[in-house]
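In what follows, a structure is listed as structure tokens, so that the remarks can point back to it.
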Amino acid sequence: ESYLLKVDSLRTAFTVNGDFHDAVADVSFTIKPKQVLGVVGESGCGKSVMALSIMQLLPKDIKTKMHGDILFNDADLSKHTDKQMNAIRGKDISMIFQEPMTSLNPVFTIGSQVQEVLLNHEGLTKAEARLRSIALLRDVGISRPDKIIYDYPHQLSGGMRQRVMIAMAIACKPKLLIADEPTTALDVTVQAQILELIQGIQEENNMAVLMITHDLGVVAEICHEVIVMYAGKIVETANVVELFRRPKHPYTKLLMSAIPKMDEEQEVLATIEGVVPSIDQMPSVGCRFVNRCPQAMKECAEITPELASHDNDHFVRCLLYKESYPKGDDFAHVSQ
Ligand code: SF4
Ligand code: MG
């Protein structure tokens, strides 16, 4: 089957007090061309680390270790040099983040920053780049782009800055956009506009999107397939309709109960009790969700659940479902 990105057995570890601990543990998935794949989970579940691993942008000031293959158009990004990655980032794969203020340079004008992407990758003249950047800013819904290009990032609202980031991200028509909580810092109305913008661009440019979010509401809006992550592992994956109809993992069910209801006066966000264990506190055996799971059983602390297929291409990592698997299927085993 054809894929654009294939992540195979990705494991990313950081050092805490001198020892390596997995922030991402054995994550595998594929994205097909034009597909919108959601990765959902609370902060601390390894979503951003996974995205940075794909982009080869792990922090350099701490010790990290990465294993596994990251195949993009059949080339293994994990074996690329910095120079090779620089040619790919912003051109074939772009990334946008939660807070555009940190990725926009405060001392350069909006216009010069959008133009720089074009000058780096597209071989345009300055005059051409200027015209293209104005067109791009118009494409992302900025109404006076010929004026905005002379503004500095702090002169724009959060929503406008995110539009600028999106303009930069799509300047070279990438095949894959990685969006890490792109709407989290914005108010609800602007969130909806930005999601709509990303969706429109995705369809128009036939671009694949890896949408990272803590909000299943965002997933419901724009994703085709969904991965639910907890404590560095995939705990459930299915297409979006199947996931919302028949959520299986107790963590997914809790995330669903925490979706803010837009029609309620006050936005009441049911939070899930407890926190994701930090990477050096992760249990080595058993289910990583055990201390927060309302359905935890005795064996959950002793047997490590595997990600196994259920039906309709629906995969779950939970001992509650082990009875429904065919006999002889090595679903659960004691971790080494
Ligand atoms: Fe809960 Fe046990 Fe399933 Fe983990 S394996 S999610 S603790 S029921
Ligand atoms: Mg994050």
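Would you be able to say whether some residue in the range 87-99 is within 21 Å of VAL190 (Cα to Cα) and touching a Phe, Trp or Tyr at 6+ places or on another chain (Cβ under 9 Å)?
Within the range 87-99, none of the residues are within 21 Å of VAL190 (Cα to Cα) and touching a Phe, Trp or Tyr at 6+ places or on another chain (Cβ under 9 Å).
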Next on the checklist: Could you go through the range 99-118 and let me know if any residue there is assigned by TED's automatic domain parsing to the domain that holds MET229, more than 21 Å from ILE198 (Cβ to Cβ) and of a type in the set (Gly, Ala, Ser).
Outcome noted: no
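Please find, among VAL241, VAL226, the residue that is surrounded by 16 or more Cβ atoms within 10 Å (Cβ to Cβ), away from ligand 1 (no atom under 16 Å from the Cβ) and modelled with pLDDT of 95 or more.
It is VAL226.
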Item to check | Filtered residues of the range 297-322 (kept if more than 6 Å from ligand 1 (Cβ to nearest atom), in a helix (DSSP H, G or I), within 28 Å of ARG245 (Cβ to Cβ) and not charged (D, E, K, R)) | outcome: TYR321
Item to check | Criterion violated by ILE134 - all others in (1) closer than 16 Å to GLU99 by Cβ; (2) buried (at least 17 other Cβ atoms within 10 Å of the Cβ) satisfied | outcome: (1)
Checklist entry - Got a sec? Which of ASN120, ASN105 is free of Cβ contacts under 8 Å to residues at least 60 places away in the same chain, part of a helix (DSSP H, G or I) and more than 16 Å from ligand 1 (Cβ to nearest atom)? => result ASN120
Item to check | Matching option when the condition is modelled with pLDDT of 90 or more and either surrounded by fewer than 16 Cβ atoms within 10 Å (Cβ to Cβ) or within 16 Å of ligand 1 (Cβ to nearest atom) (or both), among PRO294, PRO260 | outcome: PRO294
Next on the checklist: For the range 3-50, which positions are within 16 Å of ligand 1 (Cβ to nearest atom) and not in a strand (DSSP E or B)?
Outcome noted: GLY41, GLU42, CYS45
Checklist outcome for this item: Of the conditions (1) away from ligand 2 (no atom under 16 Å from the Cβ); (2) under 24 Å from ASP180 (Cβ atoms); (3) outside any helix (DSSP H, G or I), the single one that GLN113 does not satisfy is (3)
Checklist entry - Does any residue of the range 33-40 turn out to be at negative phi and surrounded by fewer than 17 Cβ atoms within 10 Å (Cβ to Cβ)? => result yes
Item to check | Odd one out for GLU181 among (1) in the same structural domain as THR109 (by TED's automatic domain parsing); (2) at positive phi | outcome: (1)
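The values are calculated or read from the model by the stated rules, or taken from the named source; none is laboratory data. Since this is a predicted model, take the numbers as computed values, not measurements. Don't worry about glycine lacking a Cβ; one is built from the backbone with ideal geometry, like all the others, and counts go over all protein chains shown.
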